[in-house]
Amino acid sequence: QVQLVESGGGLVQAGGSLRLSCVASGSIFRLNAMVARAWYRQAPGKQRELVAQITNSGTTNYADSVKGRFTISKGNTENTVYLQMNSLKPEDTAVYYCNAQTRVAGAYNYYWGQGTQVTVSS
């Protein structure tokens, strides 16, 4: 199993910035099996959507709505991933979830954090 703990959410005015952090823990075997990390978000009444993803090789992928404003990165250890959010808009308001994808013997598993609330006021 992989446990994910997010932090860094909060209330910010439009145009402001926040940085979310996600720390992974668990068995060394599972941590070494992580192939990608990602941030998702879910606004009230909407489906959960991918915000940004980073693979083990460092390849990143962003939702069109956040390109140029958000940056996903890894910390000094592979266990930590960040989401730097700049130029925040009210429509960025959502619960943000950290995600980790592992691959073991060809099978993929997905793990989720508990979520952190981000609220952007206009």
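The values are calculated or read from the model by the stated rules, or taken from the named source; none is laboratory data. The structure presented is a predicted model; accordingly, all values stated were derived computationally and were not measured. Cβ coordinates were reconstructed from backbone atoms using ideal geometry, including for glycine residues, and neighbour counts include every protein chain displayed. Please note that ligands, DNA and RNA were not included when accessible areas were found on the heavy atoms of the full protein model with its side chains. Shrake-Rupley method; radii C 1.70, N 1.55, O 1.52, S 1.80 Å.
From the list Q53, Q42, Q47, the lone residue that is without any contact (Cβ under 8 Å) to a residue 12 or more places away in the chain, within 18 Å of T116 (Cα to Cα) and among the polar types (S, T, N, Q) is Q47. Would you check if there is a residue in segment 54-64 being in contact with a Lys or Arg (Cβ under 7 Å, 6 or more places away or on another chain) and at pLDDT 95 or above? Within segment 54-64, one or more residues are in contact with a Lys or Arg (Cβ under 7 Å, 6 or more places away or on another chain) and at pLDDT 95 or above. Of the strands (runs of 3 or more DSSP E) lying entirely inside segment 69-122, those containing at least 2 residues that are of a type in the set (V, I, T) and under 17 Å from S21 (Cα atoms) are 70-74, 80-85, 116-121. Note on segment 35-62: among residues that are of a type in the set (A, V, I, L, M) and open to solvent by less than 20 Å² (accessible area, probe 1.4 Å), the one that is nearest to the chain's Cα centre (by Cα) is A38. Residues in segment 11-34 that are assigned to a strand (DSSP E or B) and surrounded by 13 or more Cβ atoms within 10 Å (Cβ to Cβ): V12, L18, R19, L20, S21, C22, V23, A24, G26, M34.
Among the residues of segment 42-60, those identified as under 15 Å from Y82 (Cβ atoms) and either part of a strand (DSSP E or B) or in contact with a Cys (Cβ under 8 Å, 6 or more places away or on another chain) (or both) are V51, A52, Q53, I54, T60. Residue check: S65 meets all listed conditions (1) within 15 Å of P90 (Cα to Cα); (2) part of a strand (DSSP E or B); (3) not hydrophobic (A, V, I, L, M, F, W, C) but one, namely (2). Residues that are under 18 Å from Q42 (Cα atoms) and acidic (D, E) do not occur anywhere in segment 76-89. Which of the residues belonging to segment 64-117 are among the β-branched types (V, I, T) and either open to solvent by less than 60 Å² (accessible area, probe 1.4 Å) or in contact (Cβ under 8 Å) with a residue 60 or more places away in the chain (or both)? Within segment 64-117, V66, I72, T80, V81, T93, V95, T102, V104, T116 qualify.
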